[in-house]
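A short write-up of the structure that comes next.
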Amino acid sequence: MRRWRLADADWNHWSDGLADTALWPALAGLGLAGVEIGVYTAAEQLAPVRVARWPELTARYGIGVVAVLLSLPAPRWPDGALGGCAIGVAEQVRHCARICRRLGLSTLGLWPGADPPGTAWPALVAGLGQARDAATAEGVRLAVEYKPGTAVPDAATALALADAVEGTGVLLDLGHAYAAGEDPVEVTHRLGARLWHVHLGDAAPGRPDDDLPLGRVHDARPVLAALDAIGFTGVAAFDLYGATGTGELRGRDAVAQSLAHLGGPR
């Protein structure tokens, strides 16, 4: 029995130039539970005027904001993120967590992409601890997304980090797991109660930026069954930025292909 929610992500539609007033009606007929908001800078993507518009859109189209992801890519954080600019990261987390609390969301996704391989483990742990404290002050918990080629490249490292920083969990991105050569079904069971958020996409081994529609390389349906089996209660959102950001597909088409692979939104 499914206890989790299937959602889209607004960044799948950035290349299409869809404002929220166009995105919400575009998603309304797909049967999804809501949308995840991607954030680079909280003051921009979570600007008050934008956040204030969401309740009206939810009331009109029946789609709410069900998740928020704070991404920390290297071009925006050249000195590192958790391991290089912990105070700045904590401030961004605090702002995002405040909006999450306002939206009734208990989990904030965090991708520390600017922390390169070789980042000192104590610095990474200390930085995540500061970010955790900033989120906890707002009643929100952090789920850290791993990705090959970063300081948190795989599920084992992500789980070790969650163990080292009490009160944090893991964000499993299927494309990243496939790219790392992992079996995401096994990973799902291994993470268990530490799995707090999921991104759905596909990728070939060694290609963590593919972000393809589901079913292009792997059958994702066993992973969804694994989420059911462990009693996952969070959000699983399509992350198809690699396919849509390059212009290969429009966001709606990439989502529709993924839904077709799953046999619909269930």
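At a glance:
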{"item": "Output for region 247-260, where each listed residue is surrounded by fewer than 17 Cβ atoms within 10 Å (Cβ to Cβ) and either part of a helix (DSSP H, G or I) or under 16 Å from the mean Cα position of the chain (by Cα) (or both)", "result": "Asp253, Ala256, Ala260"}
{"item": "Unmet requirement for Ser15, which otherwise passes all of (1) modelled with pLDDT of 95 or more; (2) surrounded by fewer than 18 Cβ atoms within 10 Å (Cβ to Cβ); (3) in a helix (DSSP H, G or I)", "result": "(1)"}
{"item": "So Ala26, is it surrounded by fewer than 21 Cβ atoms within 10 Å (Cβ to Cβ), more than 30 Å from Gly231 (Cβ to Cβ) and in contact (Cβ under 8 Å) with a residue 60 or more places away in the chain", "result": "yes"}
{"item": "Residue ID - farthest from Trp111 (Cα to Cα), chosen from residues in region 41-57 that are without any contact (Cβ under 8 Å) to a residue 12 or more places away in the chain and either among the basic types (Lys, Arg) or assigned to a helix (DSSP H, G or I) (or both)", "result": "Glu56"}
{"item": "Failed criterion for Leu32 (all others in (1) in a loop (DSSP other than H, G, I, E, B); (2) farther than 18 Å from Pro213 by Cβ; (3) not basic (Lys, Arg) hold)", "result": "(2)"}
{"item": "Evaluation of Val39 against (1) surrounded by fewer than 19 Cβ atoms within 10 Å (Cβ to Cβ); (2) over 28 Å from Ala229 (Cα atoms) (one fails), failing number", "result": "(1)"}
{"item": "Conditions (1) closer than 18 Å to Ala143 by Cβ; (2) touching a Cys at 6+ places or on another chain (Cβ under 8 Å): number failed by Asp79", "result": "(1)"}
{"item": "Leading residue by the ranking (surrounded by the fewest Cβ atoms within 10 Å (Cβ to Cβ)) among those in region 219-246 that are modelled with pLDDT under 95 and touching a strand residue (DSSP E or B) at 6+ places or on another chain (Cβ under 7 Å)", "result": "Gly242"}
{"item": "Out of Thr150, Thr119, Thr136, sole residue that is under 22 Å from His199 (Cα atoms) and of a type in the set (S, T, N, Q)", "result": "Thr150"}
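The values are calculated or read from the model by the stated rules, or taken from the named source; none is laboratory data. What you see is a predicted model, and the numbers here were worked out from it, not measured in a lab. Don't worry about glycine lacking a Cβ; one is built from the backbone with ideal geometry, like all the others, and counts go over all protein chains shown.
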